[in-house]
Amino acid sequence: MKDIIFGLSILFIASCMNAPESNPSEPERPAYTLVIHGGAGTITRSGMTPDMEAEYLAVLDAALDAGENILKNGGTSLEAVRDVIVLMEDSPLFNAGKGAVFTHAGTNELDAAVMDGKTLMAGAVAAVGNVKNPILAAFEVMEHTEHVLLSGKGAEEFAAARGLEIVDPSYFFTERRWKSLQTVLEKEKQQAELSEQEKHGTVGAVALDKNGNLAAATSTGGMTNKKYGRIGDTPVVGAGTYADNATCAVSCTGHGEYFIRYAVAHDVSAAMRHGGKSLASAAKDIIHTRLLSNGGSGGLIAVDAMGNISMEFNTEGMYRGYAKPGEREVKIYQDQ
Ligand code: ASP
């Protein structure tokens, strides 16, 4: 009997020694995390009516709800970012899907991308003019082709062949964006500086799910008055969109040419991977130091593998929000 008790005691002590150390000061990974943006730019209180502000906040809230419901119920980060972006593409308030800005030629050319942090698979479409939800076409490229990025007519035909909803290009027309183009064209005639707000916008979402998988998705109409055929950073993997379970998921918004040249989304991931930086410091560095000092305006949202988030921007505002179990925020201005 004594021997049995002695043996059991040894086993108990040994199992305690092998148990992984639980460090109460180490933060636990939340069950899920979702961060969204609706574009960065010259977004000021003085330029906003209370009604407009309420409308933006309501759509941001609804988008968070859509993604959070999926994540809460055990859905994947990819499913969450997809549904968030579809909802925001369908809202005329944001420069993506319905409500996209116009090219110089008076057309709408939309870009979108998705990336799966678990597999590093990605899909994107660029310069599509008749696909109601470009983000769904990006998913189709990722899931049903051996390619990453399809553009123009080829992307449109592929989307139709995959059974996605095709709309008449007039679907994307909104009076507000048309006026923006006319204002910009008029200002261009007068050689005036264009306000950032008139030039761009975009929607994005990044998420961490219960299995620790990260995903990023971004969708945009690009920049008002862009040349037709111009492709921005959004569908360029590593520029406007990036996800890697080992580091973070990132979705950008801003002056796309800078985000492409500085490989912004990948830069955040690389600074974490190779430089040992935290998500917060990597995001701050690229947005407030490197981009800003070189004239690149915009921002990003990001989440890392532990559910830490970043919502950095060097403009006056960025439509943004995040949700974690028991936490939620939606914001517009810089001083919030
Ligand atoms: N980054 C987008 C583009 O350059 C526009 C934006 O985010 O506002 O196409």
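Return the sequence-ordered ³J(HN,Hα) values of the stretch 105-114 in whole Hz as given by the Karplus equation 6.51 cos²θ - 1.76 cosθ + 1.60 applied to θ = phi - 60°, using x for Gly and Pro.
Result, ordered by residue: 7, x, 10, 10, 10, 9, 10, 7, 8, 9 Hz.
Once you put a point 7 Å from the Cα of His274 and another 7 Å from the Cα of Leu292, both along the Cβ direction, what distance in nm separates them?
Modelled inter-label distance: 2.4 nm.
With equal scatterers on the alpha carbons only and no solvent term, can you work out the Debye log10 of I(q)/I(0) for the stretch 34-171 at 0.13 1/Å?
-0.60
Taking θ = phi - 60°, what integer Hz values does the Karplus form 6.51 cos²θ - 1.76 cosθ + 1.60 yield along the stretch 63-70, in sequence order, with x for Gly and Pro?
Karplus-based 3J(HN,Hα) across the stretch 63-70 equals 5, 4, 4, 4, x, 5, 4, 5 Hz.
Per residue, how large is the accessible surface of the stretch 186-336? Use a 1.4 angstrom probe and give square angstrom.
Working: 5610 Å² over 151 residues.
I get 37 Å² per residue for the stretch 186-336.
If you consider only alpha-carbon coordinates, what radius of gyration and Dmax does the stretch 91-211 have, in Å?
Looking at the stretch 91-211, its Cα Rg and Dmax stand at 16.0, 55 Å.
So how do Lys284, Lys72 rank on accessible area, 1.4 Å probe, biggest first, that is with the largest at the start? Before the final figure, lay out the partial values.
On the way: Lys284 105, Lys72 125 Å².
Reading off the accessible areas and sorting them downward yields Lys72, Lys284.
List residues of the stretch 306-336, by number, whose backbone nitrogen lies under 12 Å from a label position 7 Å along Cα→C-beta of Arg45.
333-336
Leaving ligands, DNA and RNA out of it, report the carbon-plus-sulfur percent of the accessible area of the chain at a 1.4 Å probe. Before the final figure, lay out each step's value.
On the way: 8040 of 14850 Å².
It is 54 percent, rounded to a whole number.
Over the chain, what is the relative contact order in whole percent, taking alpha-carbon pairs under 8 Å and six or more residues apart? Show your work: numbers first, answer last.
Values: 844 pairs, mean separation 79.7, N = 336.
That works out to 24 percent.
Taking Rh as the Kirkwood radius computed over C-alpha pairs, what is the Stokes-Einstein D of the stretch 229-283 at 4 °C in a medium of viscosity 1.567 mPa s, expressed in µm² per second?
Working: Rh = 11.0 Å.
Taking Rh from Cα pairs, D becomes 118 µm²/s.
Report the rotationally averaged projected area of the chain based on its alpha-carbon convex hull, in square nanometres. Provide the component values of the computation, followed by the final result.
Values: hull surface 83.1 nm².
Taking a quarter of the hull surface, the average projection is 20.8 nm².
Return the distance in nm (one decimal) between the two label points of a simple spin-label model at Ser281 and Ala161, each offset 7 Å from Cα along Cα→Cβ.
Computed distance between label sites Ser281 and Ala161 equals 4.9 nm.
For the chain, what does the helix formula give at 222 nm: sum of -39500 (n - 2.57) over DSSP H segments with n ≥ 4, over the residue count, nearest 500 deg cm²/dmol?
Working: 10 runs with 118 residues, N = 336.
About -11000 deg cm²/dmol.
Note the full-extension length gain between Glu327 and Ala62 as 0.36 nm times their separation in residues minus their Cα-Cα distance, in nm to one decimal.
On the way: separation 265, 0.36 × 265 = 95.40 nm, distance 1.51 nm.
Stretched out fully, the Glu327 to Ala62 stretch lengthens by 93.9 nm.
For the stretch 78-158, state the average projected area of the convex hull of the C-alpha atoms over all orientations, rounded to one decimal in nm².
Values: hull surface 21.0 nm².
Mean projected area of the Cα convex hull: 5.2 nm².
Which log10 I(q)/I(0) values, to two decimals, does the stretch 194-305 give at q = 0.16, 0.19 Å⁻¹ under the Debye formula with one point per Cα?
Here the Debye-derived log intensity ratios amount to -0.65, -0.89.
On a 1.4 Å probe surface of the protein chains, which of His144, His37 comes out largest in accessible area, and what is the full order? Let's see the in-between values first.
Working: His144 95, His37 0 Å².
Heavy-atom accessible area, descending, gives His144, His37.
Report the extension gain between Leu120 and Gln336 in nm, rounded to one decimal, defined as 0.36 nm multiplied by the number of residues separating them, less their alpha carbon distance.
Values: separation 216, 0.36 × 216 = 77.76 nm, distance 3.41 nm.
Additional length available on full extension: 74.3 nm.
Could you calculate the contour length gain from Lys72 to Glu188, that is, 0.36 nm times the residue separation minus the distance between their Cα atoms, to one decimal place in nm?
Net length gain for the segment: 36.9 nm.
Compute the convex hull volume of the Cα atoms of the stretch 239-336, divide it by the residue count, and report the result per residue in Å³ as a whole number. Write down the numbers at each step before the final one.
Details: hull volume 8.7 nm³, N = 98.
In the stretch 239-336, the Cα convex hull volume per residue is 89 Å³.
The values are calculated or read from the model by the stated rules, or taken from the named source; none is laboratory data. Please read these numbers as outputs of a predicted model, since none were measured by experiment. So basically every Cβ, Gly included, is an ideal-geometry build from the backbone, and we count neighbours across all protein chains shown. Just the protein is used for accessible areas: all its heavy atoms, side chains included, with ligands, DNA and RNA removed. Shrake-Rupley method; radii C 1.70, N 1.55, O 1.52, S 1.80 Å.
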